[in-house]
Amino acid sequence: MQHDMAPIATIVTSGEHVSPGMRVKQVAERFFQEKHLDALALVEEDMPMGLVTRNKLLFTLFRRFGFELYERKPILDIADKNPLIIRQGERVETAIDKALARPFDNIYDDIVVIDDDGRFVGLLSVKRMIIEQSNALANSIVQKELATEKAKELEKINKVKSQFIANVTHELRAPVNAIIGLAEMMKISCEKGYIEQVGDRLSLLFSSAVSLRAIITNILDLSKVEAGKMEVICEDFDLAPLLDEVVETTRILVGKKPVKVDVSVQDTHLPINTDRVKLRQILINLTSNAAKFTDSGMITLGAKRAGDRIEVYVSDTGIGIREEDLERLFLAFTQVEDARTKRYEGTGLGLTITKHLAGLLGGDISVQSSFKKGSLFMVSLPDNKQQAEVR
Amino acid sequence: MDSRKKILVVDDDERLLLTTKDILENEGYEVHTHDQALGTTGILMTLQPDLVLLDMNMPALSGESLARILLLKVSTRGIPIVFYSSNDEDSIREAVTKQGVTGYICKGDLQGLRKKVAMYVGQE
């Protein structure tokens, strides 16, 4: 396995050297004074001539009569005249291999490094090289783990993406297929002269087109909020009439089901400063969900002031949400039912968009629900006007 | 006696049932519809249709699971079933192979609907 390692030139530990002619005594003094000096290269006219290590020098000098015998001799006499020499362009692994291949009594920590022209560059420690090599190995293991993790993450994103596309196309195809079928039916009616059938079919075709448009709008809205391209335009307005209007729309959505739809507010006027269009969309999303998932009972749309914020809520007596499903409620396309067996139509985008919109208005959304009993969605919004006055 | 071929369409989407019934009736078939997976077995046993168009995504019981049941039962296994779906065509084809049904028809493809139904009931 190849690992990324620093080139030899950058891990050269010492450029210290002496002339081969220097007396042994002087060299010994350097070793005595410089405690961290392990070895010195002998260099003449930039060319390495040998290597003297602290151990070898002290061993020679402290032998019987060693000092007397050698102190005045040139250091070259007792130096290793054939030290291991490597070029600075070589790989660290090669250098380590060469160092370890030397005869056992000749293995020592320092290697002489030369450039391409054979000139002395410095000394290199085998220890340092080994540390470098194990660091590189450790790094490569960490990097490999990171890469695997990233690949897994990407795979997950890809899976979500294709699931997203599969869901979108399925949801888009249903109304498109209805439109195609209804248009065909009208064509047949016209050909046969059954003009009285056309009216009914036309209104079905119209409602299919409207539902198709709603799905497309949802998808575009989601991509807009996710790309941060949705603009917020705040204005002063009264929340109460807006709630009334949303309740009216909800009643239409509930249709013939035995569901009562009502507003509950503390005051008849609830002045607020926020983005009216987005707040309306939030409320419509929440109440249309309530209408979709409630077969009987009650849907209540309410609002109350809480300090410098306004809390708007939608409660219903619908099918509710299982506790384990609450977590993924606001994620795109995760309508909690399995698509193959799901009972309720929809892209599963509504709550994702609603949460994004609430965030855009500086608010947040929370949910309490008990399965088979009903749900309560609460949006807490800052009232910009109140907050400005406080400031 | 009515010699028209009998077709049963099972789908939870009422608009789809309405349009499919109308279009196939116009082709001269006797078309029956059922708006959920549950109860399909019983209808099949009494009606003994010449072909079943089965939606794949339905509440409570998916079209694939229903097909598996129908193909196992002695009283219904002889009736040809085709998946009728808006899903991705590749995934429908995969389901056809997996469940061993007769074939598939993509929703929205009216020409395909007419042609394939004629082929499956042996009128072509």
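For each pair in A:Lys229/A:Lys256; A:Lys187/A:Lys256; A:Lys161/B:Lys107; A:Lys159/A:Lys372, compute the distance between the two Cα atoms and list the pairs where it is over 28 Å.
Values: A:Lys229/A:Lys256 39 Å; A:Lys187/A:Lys256 31 Å; A:Lys161/B:Lys107 24 Å; A:Lys159/A:Lys372 31 Å.
Too far apart for the 28 Å limit: A:Lys229/A:Lys256; A:Lys187/A:Lys256; A:Lys159/A:Lys372.
At 0.36 nm per residue, minus the direct Cα-Cα distance, what do A:Arg102 and A:Glu145 gain on full extension? Give it in nm, one decimal, please.
11.8 nm
In chain A, with Lys and Arg counted as +1 and Asp and Glu as -1 at Cβ, which of these residues, A:Val176, A:Pro241, A:Leu57, has the Cα nearest the positive end of the dipole, that is, farthest along it?
Farthest along the dipole direction, towards plus: A:Val176.
Using Cα pairs under 8 angstrom and six or more residues apart, how large is the relative contact order of chain B, in percent?
Details: 195 pairs, mean separation 26.4, N = 124.
Taking the mean separation of contacting Cα pairs over the length of chain B, I get 21 percent.
Using a Cα-Cα cut-off of under 17 Å, which aspartates and glutamates could be cross-linked to A:Lys355, ignoring same-chain neighbours fewer than 8 residues away?
Hits, sequence-local ones excluded: A:Asp221, A:Glu226, A:Glu231, A:Asp275, A:Glu311, A:Asp325, A:Glu327, A:Asp364.
Looking only at the protein assembly as shown, where both bridge partners belong to it, what percent of the DSSP beta bridges are antiparallel (to the nearest 5)? Numbers along the way, then the final one.
Working: 41 of 69 bridges.
DSSP beta bridges in the protein assembly as shown are roughly 60 percent antiparallel.
For labels at A:Lys152 and A:Leu331 in the simple 7 Å Cα→Cβ model, what's the distance in nm?
Taking the simple label geometry, A:Lys152 and A:Leu331 are separated by 1.6 nm.
Work out which helices of chain A, taken as complete DSSP H runs, extend at least 24 Å along their axis over the Cα atoms and score a mean Kyte-Doolittle of -0.5 or more, then list them. Before the final figure, lay out each step's value.
Details: long enough: A:126-192 (96 Å, -0.13); A:195-226 (47 Å, 0.65); A:276-293 (26 Å, 0.12).
Those that clear 24 Å and a mean of -0.5 are A:126-192, A:195-226, A:276-293.
Could you tell me the center-to-center distance, by alpha carbons, between segment A:258-292 and segment A:8-60 in angstrom?
If you average the Cα positions of each part, the centres end up 86 Å apart.
What is the Cα coordinate range of chain A on the first, second and third principal axes, sorted by size from largest, in whole angstrom?
Cα extents, longest axis first: 125, 64, 36 Å.
For chain A, with a Gaussian network of springs between Cα atoms less than 10 Å apart, report the residue from A:Ser19, A:Ser315, A:Ser380 with the top mean-square fluctuation.
Of A:Ser19, A:Ser315, A:Ser380, the Gaussian network model singles out A:Ser19 as fluctuating most.
Describe numerically, in nm with one decimal, the distance between label points set 7 Å from Cα along Cα→Cβ at B:Arg77 and at B:Asn26.
Each label point is offset 7 Å from its Cα along the Cβ direction, giving 3.9 nm.
Under a straight-distance cross-link criterion of Cα-Cα below 19 Å, which aspartates and glutamates are reachable from A:Lys56, leaving out those fewer than 8 residues away in the same chain?
Hits, sequence-local ones excluded: A:Glu16, A:Glu29, A:Glu34, A:Asp38, A:Glu68, A:Glu71, A:Asp77, A:Asp80, A:Asp105, A:Asp109, A:Asp110.
Compute the distance from the alpha-carbon center of segment A:61-128 to that of segment B:41-96, in whole Å.
With segment A:61-128 and segment B:41-96 each reduced to a Cα centre, they are spaced 83 Å.
Among A:Thr354, A:Leu326, A:Met129, pick out the residue whose Cα is farthest towards the positive end of the charge dipole of the protein assembly as shown, where Lys and Arg carry +1 and Asp and Glu carry -1 on C-beta, about the Cα centre.
A:Met129
Which value at 222 nm does chain B reach when only helices count, each DSSP H run of 4 or more adding -39,500 (n - 2.57), with the total divided by all residues and rounded to the nearest 500 deg cm²/dmol?
-13000 deg cm²/dmol
How much mean residue ellipticity at 222 nm does chain A get from its helices, if each DSSP H run of length 4 or more adds -39500 (n - 2.57) and you divide by all residues, to the nearest 500 deg cm²/dmol? Intermediate values should be presented prior to the final figure.
Numbers: 11 runs with 187 residues, N = 391.
Result for chain A: -16000 deg cm²/dmol, rounded to the nearest 500.
Name the trypsin sites (Lys or Arg not before Pro) in segment A:47-83 that are in a loop by DSSP and that have at most 12 other C-beta atoms within 10 Å, would you? Write out the running numbers ahead of the final one.
Numbers: sites: A:Arg54, A:Lys56, A:Arg63, A:Arg64, A:Arg72, A:Lys81; in loops: A:Arg63, A:Arg64, A:Arg72, A:Lys81.
For trypsin sites (Lys or Arg not before Pro) across segment A:47-83 that sit outside H, G, I, E and B with at most 12 neighbouring Cβ atoms in 10 Å, the list reads A:Arg63, A:Arg64, A:Arg72, A:Lys81.
Describe numerically, in nm with one decimal, the distance between label points set 7 Å from Cα along Cα→Cβ at A:Phe237 and at A:Ser203.
Once both label points are built, they end up 3.0 nm from each other.
No value in this document is a laboratory result; all are computed from the given coordinates. The structure displayed is predicted, hence computed values, not measured ones. Neighbour counts are summed over all protein chains in view; Cβ atoms, including those assigned to glycine, are modelled from backbone coordinates with ideal geometry.
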